[in-house]
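Every number here is computed from the coordinates shown, using simple stated rules; none is lab data. All of these numbers come straight from a predicted model, not from anything done at the bench. For neighbour counting, all protein chains shown are included, and Cβ atoms are generated from backbone atoms with ideal geometry for every residue, glycine included.
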Amino acid sequence: MRSMAGVVTIVQEGRFQLVDDAGVAHLFILEYATSTDPRQLVALQREQARVRVMYRSAGHLIGHAAAKLILLDR
């Protein structure tokens, strides 16, 4: 499984945008079985929280499928 760190900048339901350290925006969709609730994404975005996302390819979708989010130290 791949991972990426960055800041959650945009949230809409179970979808979110993460901006990595190089300033590149990446789109993610929460996987069905993830432990992260979509409502938690709003708090992460509001705080501009730095997280590590464990993800896999979402196949034919534009974004990636986020399997796990880990809150990183500020």
Label point distance in nm, residue 39-residue 19, each placed 7 Å from Cα along Cα→Cβ: 2.8
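Which GluC sites (Glu not before Pro) from the range 5-64 combine a DSSP loop assignment with at most 12 other Cβ atoms within 10 Å? Provide the component values of the computation, followed by the final result.
Details: sites: 13, 31, 47; in loops: 13, 31, 47.
Taking the range 5-64 and a limit of 12 other Cβ atoms within 10 Å, the loop GluC sites (Glu not before Pro) found are 13, 47.
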Hypothetical label at residue 2: residues of the range 46-63 whose amide nitrogen lies under 18 Å (7 Å Cα-Cβ projection): 51-63
Choice from 15, 52, 39 showing the highest fluctuation, given a GNM over the chain with Cα pairs closer than 10 Å: 39
